[in-house]
């Protein structure tokens with residue numbers, strides 16, 4: 001069974017801190033890894049990482065994929081209170097079920113002023 | 001371009017009643033996916049539909065749950081004779097045609113939070 005594990009489950013930091021969120025996976029026929037930010041509404045797409053794109057950056061957020069070690073990290077620098085959310089990691093696979101995303105349980109990030 | 005729309009946002013039902021959850025995909029998207037999020041759990045795949053076709057419903061409970069995506073109108077997730085264990089957040093996502101499937105980016109709606117009393 002495909003498995004995605006995120007750590008830590010929760011994290012509390014102060015504004016201005018840098019955080020690193022982890023996502024490890026065990027899947028058959030890995031195709032892509034996606035990061036989403038979930039506040040009290042829709043999960044919002046952040047990044048998709050594949051074999052052809054193992055590093056992405058957008059503003060204060062960046063992510064890398066290590067296909068050999070089967071993990072990804074999401075970095076947030078100079079955190080702000082607006083970064084407080086649950087960050088979800090999901091993995092997609094190739095083959096017959098290539099439409100399914102398998103999600104981790106998420107990391108709850110709280111940024112205090 | 002409006003995002004994925006879901007309604008209602010909150011739904012309260014008594015045990016034994018029916019729940020109908022609606023999802024309108026993003027404009028131009030023809031792939032719809034339903035996920036369920038139980039408390040303290042990650043999102044779990046339920047069903048994948050294209051217009052008038054159920055492609056994969058392997059994540060759906062065998063009884064009481066059904067989904068459709070008609071030629072016209074929103075996708076509907078229907079839960080008959082709800083029980084307390086059905087209380088969860090139900091999310092819909094969509095992706096554009098020709099995208100090769102779900103592993104190309106799925107865009108999520110705000111979810112429907114179902115509470116069964």
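Return the residues of the range A:66-82 that are touching a residue at least 60 places away in the same chain (Cβ under 8 Å) and not in a loop (DSSP other than H, G, I, E, B); say none if nothing qualifies. Hit for the range A:66-82 is A:81, nothing else. Taken as a whole, the range B:41-56 holds no residue that is more than 11 Å from every other protein chain (Cβ to nearest Cβ) and under 26 Å from residue A:105 (Cβ atoms).
In this structure, does residue A:102 turn out to be touching a residue at least 12 places away in the same chain (Cβ under 8 Å), surrounded by 13 or more Cβ atoms within 10 Å (Cβ to Cβ) and in a loop (DSSP other than H, G, I, E, B)?
It is false that residue A:102 is touching a residue at least 12 places away in the same chain (Cβ under 8 Å), surrounded by 13 or more Cβ atoms within 10 Å (Cβ to Cβ) and in a loop (DSSP other than H, G, I, E, B).
The set of residues from the range A:14-31 being farther than 17 Å from residue A:73 by Cα and at pLDDT 95 or above comprises A:14, A:15, A:16. Hey, among the residues in the range A:32-65 that are out of contact with any strand residue (DSSP E or B) (no Cβ under 6 Å at 6 or more places or on another chain), in a loop (DSSP other than H, G, I, E, B) and at pLDDT below 90, which one's nearest to the other protein chains (Cβ to nearest Cβ)? Top of the filtered list is A:41.
Report, by residue number, each residue of the range B:61-73 that is farther than 20 Å from residue B:115 by Cβ, in contact with a strand residue (DSSP E or B) (Cβ under 7 Å, 6 or more places away or on another chain) and part of a loop (DSSP other than H, G, I, E, B). Selection gives B:69 alone. Of the strands (runs of 3 or more DSSP E) that lie entirely inside the range B:74-117, those containing 2 or more residues that are surrounded by fewer than 19 Cβ atoms within 10 Å (Cβ to Cβ), more than 14 Å from every other protein chain (Cβ to nearest Cβ) and at pLDDT 95 or above span B:75-79. Please work out if residue B:39 is modelled with pLDDT under 90, outside any strand (DSSP E or B) and within 17 Å of residue B:11 (Cα to Cα). Against the criterion (modelled with pLDDT under 90, outside any strand (DSSP E or B) and within 17 Å of residue B:11 (Cα to Cα)), residue B:39 qualifies.
The values are calculated or read from the model by the stated rules, or taken from the named source; none is laboratory data. Nothing here was measured: the structure is a model prediction, and the numbers come from that model. Note that we place each Cβ from the backbone using ideal geometry, even for glycine, and neighbour counts take in every protein chain shown.
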